[in-house]
Structures are given as C-alpha cells and as structure tokens.
Amino acid sequence: MMPSLYWQIQWRRNRRLTPLYGVVLLLLVVYGWLFPGLFSRAGLAHFTQSWFPLALVAMAQAILMLTGGISLAVGSLVSLGAVVAATTMGATGSLVSMLLVLAAGLATGAASGAIVALLRLPAIIVTLAGSFIIGGLALIILPRPGGMILPWLSAVLAGNNPTVLLGLLILLVLGWKFYLATPGGIALYAAGENPVAAYRSGIAVEATVIAAFAISGMLCTLAGLFVAAQTGSGDPVIGTTFTLNSIAAVVLGGVGFLGGEGTMRGALAGSLLLTVMINVMFFLGMPPVAQYIAQGIIIVVAVALPHLLGRRLAP
Amino acid sequence: MKALLRSRPLLTTLVVLVVWIVAGFASPGFGSWPHLRYMLELASVIGLVGAGQTVVVIAGGIDLSVAAIVTLSTIALPLLSWSFDTTGAIAVLGVLALSTLVGLVNGIGIAWLRVHPMIMTLAMATFLQGLLILMAGGSAVTLDNPIVAWLGSARPFGFSACIMLWIVMSGLVLVLLHATPLGARFFALGANPLAARLSGVNIRATTLCAYGISGLMCGLAGLLALGMNGQGYVGIGDPYLLASIAAVVLGGTSILGGRGTYGGTLPGAVLLVTITALITVVNASPGLRDVLFGTLVLGLLLLSGREAKRR
C-alpha cells in the first residue's frame, strides 16, 4: 500500500510541473541546436559549471521559502564562501578549508535563523540587514580580489569533466530526499504551511526554521567555494547577482512565497531554465545589458503565464 | 502615558533625539545647525522614497525597485530636456510622469497578472538596470536643470528647499493615508485582501495607486538626489532600497501590511542618516562600515519591528 501511495504523490507532483519540464526541454534542444558542442564532454562540463552554483542557491532559497521565509542575503553568503575558501586554502590545505567554508555558512545561517525564529523579526528584514553584515565581513576578510584556490581543486570542479559536479548534484538531491523522509523534513513543510497548526501538533517550529536557515547558508557558501574554484581566486562581491537569480529560479519552479507549497525538483528545474535562458541569450550575441532587460521580462512573463492560461481554461 | 510609550513613531523620535544629544556632547560640531541641517537634507531623500514604500507596505506589498526608479529619474532628466524649456519644468514633469508610469507598470503586473510583488519589483529592477546602462552608457550625467539645481542647493531663510519639499510631501502623504477613503482602502487591502474585496474595495485600482505613488515618490527623491549631487550615475539610487525598507520598519509599520503610519517613517529616515553619520565619524574600513550599519539597523529593528507571538 505504502509504495503505491508514494508513487501516486510523486506522479501528482510531477504532473503539476509538466509544463515547466516541457519548456526546459524545449530550450535545451534550442541550445543544443545553436551550440552542437553542448553534447561533447567539454561542452557538457561547461554547461554544468554555469548551472551548478545557481542550482545550489536555488536549493538554498527553496528550503527557506518552503518554511515561509526568504533570504536576501544569498549573494553575500556566496561571496563569504568564496573569500573564506580563497584566504584559508593556502595555509590550511583543501579539506580544512572546505570544512571552514561549510562551517561559515552553517553558523551565519543558523544565526540569522535564530534571529528570525526566536526574536520574531520577519525574514526579509533580517536577511536584508544580514546581507550588509555578511557582505561587510567578506570585505573585511578579503578587501580586494585575491587569495588562491589549489589548482587541483579548480581542475576537479571546473575542469573539462562534468562527472564530479553531476555526482555532487545527485548526492545533494539524495540528501534532500533523505532529509524529507526524516521528521525534520516533514516539519519543514508543516511549519511553512501553517505554523500555528504545526506548533499545536507538537512540531518544534523554531528549531525547524533555524535548521532550514543553517542548511540554506551552507548551500550558499558551498556555491561560493565553487565560484572561487572556477575563477581560481576570491572576490568579495562576486555573489551579488545570485540573490535575484535564486529567487527567480525558485519562483519559476513553482515554489510559493507563503510557505509549504512547492517542490525541490521544481526549484532545480527553475534554475536549469534560467541557466539555459542566460546561456542562449549569450550565444545569440546579446550584450549583457540586453540580457538584463530580457531577463526581467522573461521572469514576469514566466510567472504570469500560468495565471493567464489558467484563467482562460477555467471558466 | 502608557499609550504614549507604546507609540512606535514617538519611540523612534525619542531614540533620534537621545542619539543627537549624546553625539552632540561627545563630538563637537555634530550638534551644530549646519550639520543637523545637512543630515536632514540627506534624510529627505530617504524620507521621500520611504513615503512610497510606506504606502506600498501598508497596502500589503513591497517595492524592491525603488533604487532603480531613483536612478532612472536622475539619468532620464537630461534626456527629457529641450532648448525651448528654459525653466526645466517640462523635464521635471516628464521625469515624474515617467517614474509614476514605472510604478504603475509594477502595479499592473501585481494586480492584473497576479505576479508576487517581490518578483514583479525585483524583475522591474533588473529590467531597469539593463535599460539604465543602455541609456547612460556607464558615464555620469551632469545636472543642467535650473529647478532641480535650486531644489538641491537653495536655502531660503537658512532652511533648505529640499527639507521644505519633504515637509510638504509628508503632510500630503499623512493626509492621504489617514484622512482619505483611498488611505483607508490601503489599510484594508493590507490587513486582509479578501475581506477588503468583499467589502467592496476595488483591489486592482487600489494596488495600482499604491505602486504609482511609490514610483512618483522615487522620481521626486531621484530629482533631489541629483540636485544635491550635481551628477547622476548608474548606482546613485542603490543605498535607498535597504534604507527605505529599514525606515518603514523602524517607524513601526508592519512589514506584513495593514498597520503603520508615515509618521513613523519620518524619524526612521532621520535615524538611519544619523547612524550613517556616526559610522563615518568612527572612520572604519568599507567592510567594517557595512558590518556596523547592518548590525545597528538589525539591533534597532529588534526594538521596533518584532512581530507578535504565535500563541
């Protein structure tokens, strides 16, 4: 009985996302047609590299939005991860440095989560002020671009082989599946959908929110580590664009702003859609300026379209 | 007495006065009239952006495109100047119409296309960012409009023109929010959109008005910023996004909508400028300055912006 119910729910979730999958597939085909090199190993590696950091921050944003929160500090957390990696790697070696990057994200995430959950300040305000504090910390750690990433790590993460990145992504998705199967994961949706009901059903809402913020922070700094590996050094303002893009990807993926509504696979598909869109625009030779304009329009259209179509279909 | 102490606008005003008095004794020159006037001039820009933000937040939304609209109005002013327009009045009106139009487009996206305010205004900010680089081409714009120059620098009777403009606009916004049917509709919409609709409030028109007002206020703020700086450039509006939201919340307006007043945003704006001035006195590195600013704003918000307990 249980397995069939499980697949029923999975099927229903996938069916809601079918239009999104269709659009992503269509754009991928267009991209592959414009740029046949995509299907070579190096082409796939480069595409994965442009997708990976956005996929990470989309996951980070999705976890928070499922609890009914939001983070405007994603970009500065990415920068923090990049500068921590670039400044510590030379002295401590790669393993300790990576652990430090993860710990930095975990700690800052948990701290903002504690302020949101225990002191009852709205997440948008805490993370907006937090973006200044975290961005300032990144500037203090590394005032100007510099530092270094061990060449072998750059080669593994940003070389011509996509296996490691795709493997990491699959690991993260499996980790998310595992987290959802634990009480903590169920509490995440419950706390987002209806915090009062969740609280009265005995769920530790505060702890759930703090855990979500901590995981989210860790994913952001991990994205920062990867961005630093891509460029070979650290830059204290490299993450700025990730804040808007993470929100856009998650909303394109059908995650609601009020919490408890949406899926991680949707968020990942949204990030893929955004990446392909940016890559296609780049490939069509559009200047970066026009990309901003197109991105703004596309996001609004993509978010508004289901509503417009839905109104036409339903009387 | 107890009711007075619970009033957040009053509390914020008291905090400002305490900080001014303490800083005035600690650092000579801080409490002098030219310095206080200078801080009020800076606060007038935040205050105007905050006026639009207050209206939008009370109506249950949020405007993340304010920074881009402020920049847009500074960049667009020279483009709208014609030789026969010697006073510059047409250019000023054109800029105000343009910024209001941008706000109205936000409102259309939110009310008709049902796009979430945060997405709509963030997407608008992205769109404008591209457009602005296209318009300005990365170079600064020099001010050549007599009206705007007067607004930014004139001091009739030793009292700055921009502060006077701020006072007049504050009066208008306060009357609009608390003494007109439209203001009551903003509060109703923010408190409970469904109940508001069922009570006969035209949700779409009200939403449109809120974002239109925000656009107009950003346009005015942009003109003031241009008048004070003498130059417009891409990024001139950037500080006003956090500042406007922080000023609104510091003033006791609930970010969830339906509760608050512009009377709180006024001291909130002054408080933010005061904090920035104090940090400049400390003479810290750019990174430390950001950390201090964020921490102080967060600390003050803990005093005034907390939401009610769940149980």
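Here, each number is a calculation from the coordinates, and none is a lab measurement. The structure displayed is predicted, hence computed values, not measured ones. Every residue, glycine as well, gets a Cβ built from its backbone with ideal geometry; the counts of neighbours run over all protein chains shown.
Per residue of B:293-300, count partner chain C-beta atoms within 10 Å of its C-beta, then hand back the mean as an integer.
Mean inter-chain Cβ contacts per residue within 10 Å come to 5.
Along the principal axes of its C-alpha atoms, what lengths does chain A span, in descending order and rounded to whole Å?
Dimensions of chain A along the principal axes of its Cα atoms: 57, 50, 40 Å.
So which DSSP H runs in chain A come out at 24 Å plus along the axis (Cα) with average Kyte-Doolittle of at least -0.5?
Once both thresholds are applied, what remains is A:2-34, A:41-66, A:74-92, A:94-118, A:123-141, A:163-181, A:205-231, A:264-283, A:288-313.
Can you pull the one-decimal nm distance between simple spin-label points at B:Ser27 and B:Thr280, each 7 Å off the Cα toward Cβ?
0.9
Binning every alpha carbon pair distance of region B:7-120 at 5 Å from zero, what are the percents per bin?
In order of increasing distance, the bins hold 2, 9, 13, 16, 14, 12, 13, 11, 7, 3, 1 percent.
Counting other C-beta atoms within 10 Å, which of B:Ser214, A:Ser112 has the fewest, and how do the rest follow?
Fewest-to-most Cβ neighbours within 10 Å comes out as A:Ser112, B:Ser214.
Under 18 Å from a point 7 Å along the Cα-to-Cβ line of A:Ala155: which residues of region A:196-231 have their amide N that close?
A:229-231
Just from its helices, what would the mean residue ellipticity at 222 nm be for the protein assembly as shown, if runs of 4 or more DSSP H residues each count -39500 (n - 2.57) and the sum is divided by every residue, rounded to the nearest 500 deg cm²/dmol?
-26000 deg cm²/dmol
Rg over Rh of region A:44-141, using C-alpha atoms and the Kirkwood radius, what does it come to?
Checking Rg against Rh, the ratio lands at 1.01.
Expected output is a single nm value to one decimal: the length gained when fully extending between B:Leu172 and B:Ser81, i.e. 0.36 nm times separation in residues minus the C-alpha distance. What is it?
Between B:Leu172 and B:Ser81, full extension yields an extra 29.9 nm.
For region A:106-168 and region B:222-288, write down the distance between their C-alpha centroids in whole Å.
26
For region A:162-253, what value does the Rg/Rh ratio take when both radii are computed over Cα atoms and Rh is the Kirkwood radius, given to two decimals?
Ratio of gyration radius to Kirkwood radius: 1.05.
Round to the nearest 0.05 the FRET efficiency obtained for B:Arg197 and A:Tyr199 when R0 = 22 Å and r is the Cβ-Cβ distance.
0.15
Just counting partner chain Cβ atoms within 10 Å, what average do the residues of peptide A:286-298 show around their Cβ?
Average per residue, whole number: 5.
With each pseudo-label sitting 7 Å past Cα toward Cβ, what's the A:Arg13-B:Gln231 distance in nm, one decimal?
Inter-label distance under the simple model: 5.3 nm.
Order A:249-255, A:285-291 from most to least packed using the mean count of other Cβ atoms within 10 Å.
A:249-255, A:285-291
Strictly greater than 29 Å: what percent of every Cα pair in region B:12-304 meets that?
33
Quick check: pseudo-label points 7 Å beyond the Cα along Cα→Cβ at B:Phe157 and B:Thr295, how many nm apart are they?
Using points 7 Å along Cα→Cβ, the separation is 4.4 nm.
Helix check for chain B. Which DSSP H runs span at least 30 Å along their own axis by Cα, with a mean Kyte-Doolittle hydropathy no less than 1.6?
B:89-111, B:262-282
Can you list, largest first and rounded to whole Å, the semi-axes you get for the protein assembly as shown by taking the square root of 5 times each eigenvalue of its Cα gyration tensor?
Semi-axes, largest first: 39, 28, 27 Å.
Could you tell me the distance between the Cα centroids of region A:66-91 and region A:217-266, to the nearest Å?
10
When you take every Cα atom in region A:30-98, what is the radius of gyration, and what is Dmax, the widest Cα pair distance, in Å?
16.6, 46
Using r as the Cβ-Cβ distance of B:Thr142 and A:Thr231, and R0 as 45 Å, what FRET efficiency do you calculate, to the nearest 0.05?
0.80
Other chains near A:247-257: what is the mean number of their Cβ atoms within 10 Å of each residue's Cβ?
Per residue, the average neighbour count from other chains is 2.
Show me the ranking of peptides A:272-279, A:196-203, B:217-224 by mean Cβ neighbours inside 10 Å, starting with the highest.
B:217-224, A:272-279, A:196-203
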